[in-house]
Amino acid sequence: MHAETQERSIQCPYCGKHYTAVLDPSGGDQVYIEDCEICCRPIEFHLHLDDDGEFAGLELRRDDD
Ligand SMILES: [Zn+2]
(Lines give C-alpha, C1' and ligand atoms only; values in the text may rest on other atoms or scores of the structure.)
Protein backbone atom coordinates (compact mmCIF):
# COMPACT_ATOMS: atom_id res chain seq x y z
CA MET A 1 0.00 0.00 0.00
CA HIS A 2 1.64 3.21 -1.00
CA ALA A 3 0.59 6.66 -0.09
CA GLU A 4 -1.11 8.75 -2.70
CA THR A 5 -2.46 12.22 -2.54
CA GLN A 6 -6.08 12.37 -1.51
CA GLU A 7 -8.77 14.95 -1.92
CA ARG A 8 -10.65 15.71 1.24
CA SER A 9 -13.55 18.00 1.88
CA ILE A 10 -12.50 20.27 4.71
CA GLN A 11 -14.09 23.10 6.64
CA CYS A 12 -12.15 26.30 7.11
CA PRO A 13 -11.81 27.14 10.83
CA TYR A 14 -11.96 30.85 10.03
CA CYS A 15 -14.83 31.35 7.57
CA GLY A 16 -16.57 27.98 8.04
CA LYS A 17 -16.77 27.28 4.30
CA HIS A 18 -16.23 23.81 2.89
CA TYR A 19 -13.84 23.18 0.05
CA THR A 20 -11.71 20.37 -1.31
CA ALA A 21 -8.07 20.26 -0.23
CA VAL A 22 -5.42 17.92 -1.59
CA LEU A 23 -3.50 16.06 1.12
CA ASP A 24 -0.13 14.45 0.56
CA PRO A 25 0.54 11.60 3.01
CA SER A 26 3.99 10.74 1.61
CA GLY A 27 5.74 12.80 4.28
CA GLY A 28 4.18 10.96 7.24
CA ASP A 29 2.77 12.87 10.20
CA GLN A 30 3.09 16.52 9.44
CA VAL A 31 1.96 20.01 10.27
CA TYR A 32 1.83 22.64 7.59
CA ILE A 33 0.09 25.86 6.74
CA GLU A 34 -2.12 26.30 3.73
CA ASP A 35 -4.19 29.36 2.97
CA CYS A 36 -7.95 28.89 2.82
CA GLU A 37 -9.18 28.83 -0.76
CA ILE A 38 -12.06 31.13 0.12
CA CYS A 39 -10.86 33.64 2.73
CA CYS A 40 -7.08 33.19 2.22
CA ARG A 41 -6.33 32.99 5.92
CA PRO A 42 -3.61 30.53 7.00
CA ILE A 43 -5.01 27.18 8.18
CA GLU A 44 -2.76 24.85 10.20
CA PHE A 45 -3.13 21.31 8.84
CA HIS A 46 -2.23 18.58 11.35
CA LEU A 47 -2.00 15.37 9.35
CA HIS A 48 -1.87 12.03 11.17
CA LEU A 49 -1.03 8.71 9.53
CA ASP A 50 -1.16 5.17 10.85
CA ASP A 51 1.63 2.58 10.56
CA ASP A 52 0.53 1.65 7.03
CA GLY A 53 0.74 5.22 5.83
CA GLU A 54 -3.04 5.52 5.72
CA PHE A 55 -4.82 8.63 6.87
CA ALA A 56 -5.67 8.34 10.54
CA GLY A 57 -6.93 11.84 11.01
CA LEU A 58 -6.83 15.44 10.03
CA GLU A 59 -7.10 18.35 12.41
CA LEU A 60 -7.47 21.93 11.28
CA ARG A 61 -6.47 24.76 13.54
CA ARG A 62 -6.37 28.48 13.34
CA ASP A 63 -2.93 29.96 13.29
CA ASP A 64 -3.89 32.41 16.04
CA ASP A 65 -5.15 29.85 18.61
ZN1 LIG B 1 -11.69 30.41 5.05
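The values are calculated or read from the model by the stated rules, or taken from the named source; none is laboratory data. No experiment lies behind these values; they were computed from the predicted model shown. Ideal geometry is used to build each Cβ from the backbone, glycine not excepted, and the neighbour counts take in all protein chains shown. These accessible areas exclude ligands, DNA and RNA; they are computed on the full protein's heavy atoms, side chains included. Shrake-Rupley method; radii C 1.70, N 1.55, O 1.52, S 1.80 Å.
Before moving on, here are some points about what is shown:
- Qualifying GluC sites (Glu not before Pro) in the chain, where qualification requires a DSSP coil assignment and no more than 15 other C-beta atoms within 10 Å, comprise Glu4, Glu37, Glu54.
- GNM flexibility winner over the chain from Asp52, Asp35, Asp24 (Cα, springs under 10 Å): Asp52
- Its Cα centre serving as origin, the chain has a Cβ charge dipole (Lys and Arg +1, Asp and Glu -1) of approximately 380 debye.
- Residues of region 6-62: accessible area per residue with a 1.4 Å probe, Å²: 60 Å²
- Entry note: the chain has Rg to Rh equal to 0.98, where both radii use alpha-carbon atoms and Rh is the Kirkwood radius.
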